[in-house]
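**Student:** Before we start, here is the structure in question, set down as structure tokens.
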Amino acid sequence: MNTRIIAKLDVKPPYVVKPVHFEGLRRVGTPSVLAKKYYDQGADEVVYIDIVSSLYQRNIIFDEIEKTANELFIPFGVGGGVKTIEDMSKLFHQGADKVFINTHAVQKDPTLINRAAEIFGNQAVVINIEAKKWKDHWECYTDCGRMQSNKDVLEWVKEVERRGAGEILLQSVDHDGRQRGFDIELSKKVVESVNIPVVIASGAGKLEDIKKLIEEAKPSGVAIASLLHYNKNTVKDIKDYLRENNIEVSK
Amino acid sequence: MSNTIGIVNYGIAGNIHSIKKAIEAAGGKTLVINKPEQFNKVDKLVLPGVGSFKDAMQELENDEFIEPLKNNKKPILGICLGMQILATVGFEYGATKGLGLIEAEARPMLVDSKVPHVGFNTIDVVNDNELFYGLEGEEYYFMHSYEVINYTNIVALTKYSNHSFVSSIQRDNIYGVQFHPEKSREAGIKLFKNFINLKRRG
């Protein structure tokens, strides 16, 4: 099976920003322009996460989403501050194919996952996880890595699968934006814990990091942000490199 | 012939928008169909589908689409769940009667790998079909946990972790694709182009 190469946009409307450790935001462009650029480079999907909506307790801003969706003929996942079925329905109507849930399910009401899966189908419900490592375990964080939840990542991933989630996006608070490689140990454990696809984010600093992650953790997809935003590599560079190293990716 | 493609709009979850956009990129005219009376304004139909088999059939019933779809003679293209509900019966959240336009069942994918099956995958056209003209071996985007079991109307197969499943079916004017052409780059737009250009049978 092809490993999916996904472009991740962290958005503080109306800009795509690139946080380091989920802090210190730098503007890198606008969502619709970057999405089109990565689509043209051959990205398999684009993910759009409004990283401040949950933190500031406001609703997700819809304008940029529709504009971004219009540029794409590939799947488009959207998340950030999703609290209700109505929020999700609105996102699907704006052109989202999948919706990411984090804070509300972790901190308040995990049954949102069950309801969403029954209405929208499990393939459309993705759980976004912000993992932070403690001495001997990983904990789920929310709101850009600011809020603890006392939920153990490896237990939570099994719970969300039982509740009907169709996919997991695993981000690492410790590794995000540092470009020093992925948390391979955690990635491997999460991939092996569930039967649903797992997409890994946070840490790609060079092409070798992506290869190492795929070979060792075997995720269904890899989400890339900094490498692309800072024009260190294009999606095409990544795919060409992986193919040369006998890792299957789509055209 | 004006060749307008009608997109059947039912339920709360449909991503009509991206299908409309892709058909228009393929050079087609579209009409979003909110009630069955609009069927006579279009030449062909697209039946999208997001959600579960059970919900989709319920929504079609609520909007009184079931009988008009069963009686429809125009070319129709079911996409993803829209292909699955062409079948006689589905087993998502209990057994539910489908439209019964193709002798088939929609059952959970039985595969030794992650489900849902998500991502670009290659199609193997096993029976020549106008819908796939020039598209043999192309990659399309899949996103599904259920598959259609059928033996007599198979157009294309796709392999997922050594499991071969039906990725396209056709009988008379009824076409179905398990993947999302509207999410499959140029190859998807070309498929819509073929659908726009194909002649009505019978």
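The values are calculated or read from the model by the stated rules, or taken from the named source; none is laboratory data. Nothing here was measured: the structure is a model prediction, and the numbers come from that model. Heads up, the Cβs are rebuilt from the backbone with ideal geometry, glycines too, and the neighbour counts pull from every protein chain shown.
**Student:** Please find, among B:Gly119, B:Gly100, the residue that is part of a loop (DSSP other than H, G, I, E, B) and at positive phi.
**Tutor:** Within the list B:Gly119, B:Gly100, the selection yields B:Gly100.
**Student:** Can you name every residue in region B:149-164 that is within 12 Å of B:His117 (Cα to Cα) and crowded, with 18+ Cβ neighbours inside 10 Å?
**Tutor:** The answer is B:Thr158, B:Tyr160.
Let's see how each residue does on (1) buried (at least 16 other Cβ atoms within 10 Å of the Cβ); (2) out of contact with any strand residue (DSSP E or B) (no Cβ under 6 Å at 6 or more places or on another chain); (3) within 25 Å of B:Tyr93 (Cα to Cα):
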residue: A:Gln123; (1), (2), (3): yes, no, yes
residue: A:Arg163; (1), (2), (3): yes, yes, yes
residue: A:Val173; (1), (2), (3): yes, no, no
residue: A:Asp183; (1), (2), (3): yes, no, no
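**Student:** Follow-up. Mind listing whichever residues of region A:129-150 are more than 19 Å from the chain's Cα centre (by Cα) and among the basic types (Lys, Arg)?
**Tutor:** A:Lys135
**Student:** On to the next question. Would you mention how many residues in region A:64-107 are hydroxyl-bearing (Ser, Thr, Tyr) and either crowded, with 23+ Cβ neighbours inside 10 Å or touching a residue at least 40 places away in the same chain (Cβ under 8 Å) (or both)?
**Tutor:** 2
**Student:** Provide a single number: the residues in region B:165-192 that are in contact with a helix residue (DSSP H, G or I) (Cβ under 9 Å, 6 or more places away or on another chain) and surrounded by fewer than 19 Cβ atoms within 10 Å (Cβ to Cβ).
**Tutor:** 1
**Student:** In addition: Do we have A:Glu45 as at pLDDT 95 or above and under 25 Å from B:Ile23 (Cβ atoms) here?
**Tutor:** In short, yes.
**Student:** Mind checking which residues of region B:38-61 are within 14 Å of chain A (Cβ to nearest Cβ) and in a helix (DSSP H, G or I)?
**Tutor:** B:Phe53, B:Lys54, B:Asp55, B:Ala56, B:Met57, B:Gln58, B:Glu59 - these are the residues of region B:38-61 that are within 14 Å of chain A (Cβ to nearest Cβ) and in a helix (DSSP H, G or I).
**Student:** Give me the pairs, please: first residue somewhere in region B:17-28 and under 19 Å from A:Leu91 (Cα atoms), second residue anywhere and hydrophobic (A, V, I, L, M, F, W, C) and surrounded by fewer than 19 Cβ atoms within 10 Å (Cβ to Cβ), beta-carbon distance under 7 Å, and either six or more positions apart or on two chains.
**Tutor:** Close Cβ pairs satisfying both conditions: B:Lys20/B:Val32.
**Student:** Among the strands (runs of 3 or more DSSP E) contained in region B:135-202, which hold 1 or more residues that are more than 23 Å from B:Thr88 (Cβ to Cβ)?
**Tutor:** Here the list reads B:139-144, B:154-160.
**Student:** When the residues of region B:100-144 are filtered to those that are among the polar types (S, T, N, Q) and within 14 Å of chain A (Cβ to nearest Cβ), which remaining residue is surrounded by the fewest Cβ atoms within 10 Å (Cβ to Cβ)?
**Tutor:** By that ranking, first place goes to B:Ser113.
**Student:** Out of A:Val52, A:Val46, A:Val126, A:Val78, I need the residue that is under 16 Å from the mean Cα position of the chain (by Cα), away from chain B (no Cβ under 14 Å) and hydrophobic (A, V, I, L, M, F, W, C). Which one?
**Tutor:** A:Val52
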